[in-house]
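A.B. asks: This is the structure, below, for whatever I ask next.
The values are calculated or read from the model by the stated rules, or taken from the named source; none is laboratory data. This is a predicted model, so every value here is computed, not measured. Note: ideal-geometry Cβ built from the backbone for every residue, glycine included; neighbour counts use all protein chains shown.
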Amino acid sequence: MDGTMAPVTRSQAPKISPFLEPGKTTKVGSLAILQLSRDNLQPVYLKAPAGKHDGYAEGAVVNTRYGSFPHSTMIGVPWGSQIRASKVDTGSRGRNNKRKRDKSDDNGREASATVTEEKTEQESTPAEVNDGSTAATKKVVADVSGFIHILPPTPEVWTSSLPHRTQVVYTPDYSYVLHRIRARPGSVLIEAGAGSGSFSHASVRAVYNGYPTEGERKGKVYSFEFHEQRYHKMNKELEEHNLDSLVHLTHRDVYNGGFLIDGKSPEAEAIFLDLPAPWEALHHLSRRNPKNPQDKDWVSPLNPRKSAHICTFSPCIEQVTKTVSALRRLGWVDIDMVEIANRKYHTSRERVGLNLSMDRGVNNSARDVDEALARLTEIETRFREHAAKSKESDDEMDGDDDGLIKRHEKKEQKGGKKRGGDKKVKIDHKPASPESFETPASGMPLWMEGRLITRGEPEIKTHTSYLVFATLPREWTEEDEATAAARHPVVGEQKVIGVVDKAARKQERREQLQKATGNRKARRMERAAELAVTAEGGASGVVP
Amino acid sequence: MHSLIRPNAWVGLKLPSGSTKVMQIIPNTTISLGKYGAFPANLVLGRPYHLTFEVLDKTSEENFSRLRIVPASELHAEAIAEEDEAEGNATPATGSANDAVITATEGEEFSLVDEKGNVVARSGREVIDDSAIQTLTQDEIEELKREGNNAGKDVITKLMLSHTALDQKTTFSLAKYKLLKTKKYIRRFQVVPIDVASFAQWQLEEKDASKIMDLRAEMFGLVGCWGNVHYGGEDSIIDDPHSRTDQGEETCVPIQTDELKGRWLAVDDTCGMLVAAMAERMGVLYPKEGNEEEETTTEQTAEAKQEVKTETPTQNGTAKENGDVEMADAVPETTVPERPKTTATNKKQKVRPRGSDFAIPFSQTNTLTIIHSTSQPNLSLLNYWNFDITAPNHPPHPLLNHLLNLTWLQLLKPELDTSYSTPPPTASAEELASWKPSRRGNFHRKRRRFARTRYIVDSTRAGNFSGLVCASSMDPISILKHTLPLLSGGAPVAIYSPSIEPLAALADCFSVPRRTAWTSGNVPETVGKSLEELERWEGNEQFPLNPTLLQGVSIHTSRARRWQVLPMRTHPLMTERGGADGYVFTAWRAKPAEGRVEARGKFKKIQPSSNKKASKAEEESTPVETPAAVEEDDAATAVKRKRADTLPPLDTEGASTPENAATDDVASPTKKRKVDGEVEV
Ligand SMILES: C[S@@+](CC[C@H](N)C(=O)[O-])C[C@H]1O[C@@H](n2cnc3c(N)ncnc32)[C@H](O)[C@@H]1O
């Protein structure tokens, strides 16, 4: 339904970001994430196959070590599709770009993450443009091997595939931060600095509750970045991702410039500061001018009707100390500092045993004492047989029994490693023939053999940054209090709730039961359950 | 989420002891915090969250305590004073820091209380309870003074030493006593809103962690993000078919699969905690916010109450009771009930006029579908957000139009489910008119139930869900067997488990050897089956799941370590909650290509490591090499090698790998070598 193959310019691109609503199938112009291997993700903007591209007859092509993938094979397919590599006609391109391709292969992820974009920029040679749609794009021929998967963009895959300009905040941290600073649909969030936009993409998903129409307040991210190139790069990305109306990026030094937009308040209730000196920006994030609370002209960037939740993200403890001190003095409460340790686990089959199939994953030593014992016994028996035979047939033997045993054992060990599949221990070593692996002696297919184990990834991130959280309640003036007091006047006789003494509780329960009689059965049962719970809770629920 | 405390809202009261009390703020009652004092509930109504209040002494004119808002400067006075001290003095002695603390809060009272909260001593006063005093040796006092890593203890020491009455007795066993800096301090509390983060923390740390399967804040973050749970688009309600009462199921609205968007599938054995977390991320947990100040007022006035009461008699069951605040809330006293009753917080809103029997109340977008193993889902915790799935006439709540639920039977064998398979009753208008009201009610109820069940089951079975999130005690393999086909391509799967074992077993279903065997056509059962048939693979012993239906399988865990940040005393907390760490399985739904797909890698494998127990000579004789994953390639290679002898060689380039999708990033061969070296050691 949307596999339109016609070239689409940006203005015609789908309005809703593929990050927020990717649709069922891939589309021209959309960002897609190619998954080359589990942890190797590569972003690509899908281009319409309009004639030759960069020397390829098939149009734009992504080259990976798993083969070549013309964009045309990746457009209009369901997300998540496995894409086969194609035999591409490099034509004139082959020689020209060979060096570049090699380079990208060698440099691995970083290089390949940008290579597609480089090509995009090169593409507009006049010849190609003139070809336009008339130039028949060469029909694609599937290659014999190689494939990738094409994933819809999400902040998670974007974070691990985006072109890094700075350190970025990864999923374990941002997922926790967004939960704690209550970034939800409809929230307005301030972020500084934008950096590479990793956190921005995660936060816009959290606050998104529809694209705003004129004058409408919707969930939105106000992001600030003072590094000019990063600012421009990110603005371009936001546009390409159709996020530009949801993330408002400002080129500014927030220490001096603060967080207002054209002098007006963004009315934020969630804040994330990933800056070298967050405490220098904090005074802007107050309810009133901290230096002069009477200052009527001072505008707060915070939502005056809501509590504000902040998180600052700093790698060093000294930064934390300064930030926390500033937060205390600026009236923030519930100050809390944590760091997040994330670990990934791999699962595998641990295969130990003398009789397991032979391959590199297997530890061909005894699985247990019984197996060791059986093997030793067997060796012993064989040795005796052998010795007896030798005695009979060969009198030249030097009679050094010990030496003979040792020699045998050595051979055994060698053989044991090489040959797992045989029940009988063979003394003569022959190169293992593949057939012997066909059915492991355990009778189990390979993937079910051995014990399932988990182990941590080989390298773990032990420290990312310290996360400081705090809350700033909304301002509450005496007038506010007077209004609330008038709306909720204290009236006379009152029932006590909360911590009440035993007698009162019993009396209430009795009344409760009386009221309950005559109600429907279901209701009665529900109440009984409730009472049981209350009773149980009553014992433990005393305030310490 | 409201920023002002509304009548009947569930809130958390954070007490000086560090514990939280979760309760409903019922208008015109007195809230008792036990020894922390009691005050009229109306004094916090309409006030903002996160403020700290102090319960004042009763004045002679009034028979209740008023509240005072404690400014943040007062809350932080001690830390700020210490900081200033530390700044002025590079290496402050503990003693001098204490002097500063006490002067900073001059004019306030210090109280020493025992474990039961009885006041034992007050600064500047006589010892109240002599019997509580225990003697302490001089050495112990000295040690306490030296320790100095706990503000409370420092001040206790200070207090005791400065106290004349205590001086004589030497002093107390400090471990037994707690310092409450002032008498006033004791009676402070902060009101926090019940949102997912605060409620879950309370449930985990103070209430009953097992009820929410030990879900920690970190896990809500991971599951929510990896499950890509977010606002799924503007509501789109299907037009009412306006079926007449004599029309049957043929007039039910058909499922418009293309209109179904932004839908998440969930399996929740956490009493609704997971659903609440997902609903919060989708924007359907809290009622829409209007002008809060005004809303809370109208409700408070006598007329408003009256209005509510006149409305309720038409409703039955829970809703009826909820109208009557007095009665509905008679139970939750003293402690928090396990199942708080729902109370319409938004009574001003009228219940939407009900459509015809076959009208579908659910949005086609931004929905949450839960599959449950009992005939009714257990979502009792949602009552804290005033949602009760069992209430027949529910007051307005966003979940009503966005939460769909069905049983596993309805999903898998709908024909065996009575409410799905029994055709709706029909009757002419005249017939209906002749019936008693109760019979008529029953008639409509049956028809409505039929239409809704039909819609939920059919739309769920139509699949195309945007994601799957689980926190269930059921075997995740069995869940995925039936839910994988329902996921749209590229949709994420995020499964929480308190322990790693079930997730490891699940990940093993997608191991490289399994996938390789599957795709190489070595599984006789798969031969001749179409992709669609394989998507609905029933599973067998060797292949519990179709191993090609997920990509990027990972298991992770996160742990937040909490720190104390104080001048000269910044360090991680000494103890934290133990128990289940919690793990998350994540992956994306893949759409495998038709036919056999060979993987490949255009590079030479680096030397295998010694832990693989293969001699170098043999490695060299192996004709093809593969990119390596530290764990997984071993088995993968084995399969491939095995296959190499049974199948004609497919990869003429001689550079094939059984499955590139799970191999390591080969861009860092040096790193890999290092890792292997480490294993060897
Ligand atoms: C570590 S990066 C942020 C990374 C980002 N959180 C992400 O996830 O991609 C810090 C950024 O803050 C910017 N920055 C530093 N000081 C700033 C200031 N005073 N105003 C605005 N931006 C600033 C830097 O240019 C840098 O790009």
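A.B. asks: Identify all residues within segment A:300-323 that are touching a strand residue (DSSP E or B) at 6+ places or on another chain (Cβ under 6 Å) and at the interface with chain B (Cβ under 7 Å from one of its Cβ atoms); write none if there are none.
C.D. replies: Hits for segment A:300-323 are A:307, A:320.
A.B. asks: Take the residues in segment B:3-21 that are among the hydroxyl-bearing types (Ser, Thr, Tyr) and assigned to a loop (DSSP other than H, G, I, E, B); name whichever of them is nearest to residue A:309 (Cα to Cα).
C.D. replies: Start the filter on segment B:3-21 by keeping residues that are among the hydroxyl-bearing types (Ser, Thr, Tyr), which leaves B:3, B:17, B:19-20.
Applying the additional criterion that residues be assigned to a loop (DSSP other than H, G, I, E, B) yields B:3, B:17, B:19.
Details: B:3: 12, B:17: 23, B:19: 21 Å.
Among those that are among the hydroxyl-bearing types (Ser, Thr, Tyr) and assigned to a loop (DSSP other than H, G, I, E, B), it is B:3.
A.B. asks: Same structure, new question: All but one of (1) at the interface with chain B (Cβ under 9 Å from one of its Cβ atoms); (2) at pLDDT below 50 hold for residue A:436, so report the exception by its number.
C.D. replies: Failed condition: (1).
A.B. asks: Separate question: If you check residue A:329 against the conditions, is it basic (Lys, Arg) and farther than 26 Å from residue B:2 by Cα?
C.D. replies: On the way: basic (Lys, Arg): yes; farther than 26 Å from residue B:2 by Cα: yes.
Here the answer is yes, as residue A:329 does meet what is asked.
A.B. asks: Just give me the residues in segment A:230-261 being away from chain B (no Cβ under 14 Å), more than 13 Å from the ligand (Cβ to nearest atom) and touching a Lys or Arg at 6+ places or on another chain (Cβ under 7 Å), in sequence order.
C.D. replies: A:242, A:248
A.B. asks: Does residue B:234 count as in contact (Cβ under 8 Å) with a residue 12 or more places away in the chain, among the acidic types (Asp, Glu) and within 14 Å of chain A (Cβ to nearest Cβ)?
C.D. replies: Values: in contact (Cβ under 8 Å) with a residue 12 or more places away in the chain: yes; among the acidic types (Asp, Glu): yes; within 14 Å of chain A (Cβ to nearest Cβ): yes.
In short, yes.
A.B. asks: Which one is surrounded by the fewest Cβ atoms within 10 Å (Cβ to Cβ), of the residues in segment B:550-576 that are at the interface with chain A (Cβ under 9 Å from one of its Cβ atoms) and over 26 Å from the mean Cα position of the chain (by Cα)? Walk me through it before giving the result.
C.D. replies: Quick first cut of segment B:550-576, residues at the interface with chain A (Cβ under 9 Å from one of its Cβ atoms) only: B:551-567, B:570, B:572.
Right, trim to over 26 Å from the mean Cα position of the chain (by Cα) and you get B:565-567, B:570.
Details: B:565: 21, B:566: 18, B:567: 20, B:570: 16.
Looking at residues that are at the interface with chain A (Cβ under 9 Å from one of its Cβ atoms) and over 26 Å from the mean Cα position of the chain (by Cα), I get B:570.
A.B. asks: On the given criteria, is residue A:264 within 14 Å of chain B (Cβ to nearest Cβ), among the basic types (Lys, Arg), within 30 Å of residue B:284 (Cα to Cα) and more than 16 Å from the ligand (Cβ to nearest atom)? Give the derivation first.
C.D. replies: Working: within 14 Å of chain B (Cβ to nearest Cβ): no; among the basic types (Lys, Arg): yes; within 30 Å of residue B:284 (Cα to Cα): yes; more than 16 Å from the ligand (Cβ to nearest atom): yes.
Spelling it out, it is not the case that residue A:264 is within 14 Å of chain B (Cβ to nearest Cβ), among the basic types (Lys, Arg), within 30 Å of residue B:284 (Cα to Cα) and more than 16 Å from the ligand (Cβ to nearest atom).
A.B. asks: Could you identify the single residue in A:161, A:145, A:175 that is at the interface with chain B (Cβ under 10 Å from one of its Cβ atoms), touching a strand residue (DSSP E or B) at 6+ places or on another chain (Cβ under 7 Å) and more than 9 Å from the ligand (Cβ to nearest atom)? Quick ask: steps written out before the conclusion?
C.D. replies: Working: A:161 fails: at the interface with chain B (Cβ under 10 Å from one of its Cβ atoms); A:175 fails: touching a strand residue (DSSP E or B) at 6+ places or on another chain (Cβ under 7 Å).
Going through A:161, A:145, A:175 in turn, the sole match is A:145.
A.B. asks: Still on this structure, please answer the following. Take segment B:40-61 and flag every residue that is in contact with a Ser or Thr (Cβ under 6 Å, 6 or more places away or on another chain), touching a residue at least 12 places away in the same chain (Cβ under 8 Å) and over 16 Å from residue B:8 (Cα atoms).
C.D. replies: Of everything in segment B:40-61, those that are in contact with a Ser or Thr (Cβ under 6 Å, 6 or more places away or on another chain), touching a residue at least 12 places away in the same chain (Cβ under 8 Å) and over 16 Å from residue B:8 (Cα atoms) turn out to be B:50, B:55, B:56.
A.B. asks: Go through (1) away from chain B (no Cβ under 14 Å); (2) of a type in the set (D, E, K, R); (3) farther than 30 Å from residue B:223 by Cα and name the single condition residue A:216 misses.
C.D. replies: Failed condition: (1).
A.B. asks: Does segment A:267-278 hold any residues that are surrounded by fewer than 24 Cβ atoms within 10 Å (Cβ to Cβ) and under 17 Å from residue A:471 (Cβ atoms), and which are they?
C.D. replies: A:267
A.B. asks: Residue A:290 is checked against (1) out of contact with any His (no Cβ under 7 Å at 6 or more places or on another chain); (2) more than 9 Å from chain B (Cβ to nearest Cβ) and fails just one. What number does that condition carry?
C.D. replies: Condition not satisfied by residue A:290: (1).
A.B. asks: Residues to consider are B:500, B:477, B:456, B:495; find the one that is in contact with a strand residue (DSSP E or B) (Cβ under 6 Å, 6 or more places away or on another chain), within 13 Å of another protein chain (Cβ to nearest Cβ) and modelled with pLDDT of 95 or more.
C.D. replies: Step by step, each of B:500, B:477, B:456, B:495 is checked, and only B:500 is in contact with a strand residue (DSSP E or B) (Cβ under 6 Å, 6 or more places away or on another chain), within 13 Å of another protein chain (Cβ to nearest Cβ) and modelled with pLDDT of 95 or more.
This table checks each residue for (1) modelled with pLDDT under 95; (2) more than 7 Å from every other protein chain (Cβ to nearest Cβ).
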position	(1), (2)
B:33	yes, no
B:39	yes, yes
B:44	no, yes
B:48	no, no
B:55	yes, yes
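A.B. asks: How about segment A:288-314: which of its residues are over 22 Å from residue A:181 (Cα atoms) and part of a strand (DSSP E or B)?
C.D. replies: Selection gives nothing.
A.B. asks: Now, a different point. Just to verify a result, which residue in segment A:267-284, among those that are more than 9 Å from the ligand (Cβ to nearest atom) and of a type in the set (Gly, Ala, Ser), is nearest to the other protein chains (Cβ to nearest Cβ)?
C.D. replies: If we take residues in segment A:267-284 being more than 9 Å from the ligand (Cβ to nearest atom) and of a type in the set (Gly, Ala, Ser), then A:270 is nearest to the other protein chains (Cβ to nearest Cβ).
A.B. asks: Moving on to the next point. Being in contact with a Leu (Cβ under 8 Å, 6 or more places away or on another chain) and away from the ligand (no atom under 14 Å from the Cβ) narrows it down to one residue among A:222, A:208; which is it? Write out each step before concluding.
C.D. replies: Values: A:222 fails: away from the ligand (no atom under 14 Å from the Cβ).
The unique qualifying residue is A:208.
A.B. asks: Report yes if residue B:557 is within 27 Å of residue A:461 (Cβ to Cβ) and outside any helix (DSSP H, G or I), otherwise no. Give the derivation first.
C.D. replies: Working: within 27 Å of residue A:461 (Cβ to Cβ): yes; outside any helix (DSSP H, G or I): yes.
Taking the combined requirement at face value, the residue satisfies it.
A.B. asks: Same structure again: Go through the residues of segment A:364-377 one by one and say whether even a single one is crowded, with 18+ Cβ neighbours inside 10 Å, within 24 Å of residue A:179 (Cα to Cα) and either at the interface with chain B (Cβ under 8 Å from one of its Cβ atoms) or in contact with a helix residue (DSSP H, G or I) (Cβ under 7 Å, 6 or more places away or on another chain) (or both).
C.D. replies: There is no residue in segment A:364-377 that is crowded, with 18+ Cβ neighbours inside 10 Å, within 24 Å of residue A:179 (Cα to Cα) and either at the interface with chain B (Cβ under 8 Å from one of its Cβ atoms) or in contact with a helix residue (DSSP H, G or I) (Cβ under 7 Å, 6 or more places away or on another chain) (or both).
A.B. asks: Within segment A:6-34, which residues are hydrophobic (A, V, I, L, M, F, W, C), at pLDDT 80 or above, part of a loop (DSSP other than H, G, I, E, B) and out of contact with any Gly (no Cβ under 9 Å at 6 or more places or on another chain)?
C.D. replies: Narrowing segment A:6-34 to residues hydrophobic (A, V, I, L, M, F, W, C): A:6, A:8, A:13, A:16, A:19-20, A:28, A:31-34.
Checking which are at pLDDT 80 or above leaves us with A:16, A:19-20, A:28, A:31-34.
Those left that are additionally part of a loop (DSSP other than H, G, I, E, B): A:16, A:19-20, A:28.
Within segment A:6-34, just A:19 meets the criteria.
A.B. asks: Consider residue A:220 carefully, then state whether it is without any contact (Cβ under 8 Å) to a residue 24 or more places away in the chain and assigned by TED's automatic domain parsing to the domain that holds residue A:313.
C.D. replies: It is false that residue A:220 is without any contact (Cβ under 8 Å) to a residue 24 or more places away in the chain and assigned by TED's automatic domain parsing to the domain that holds residue A:313.
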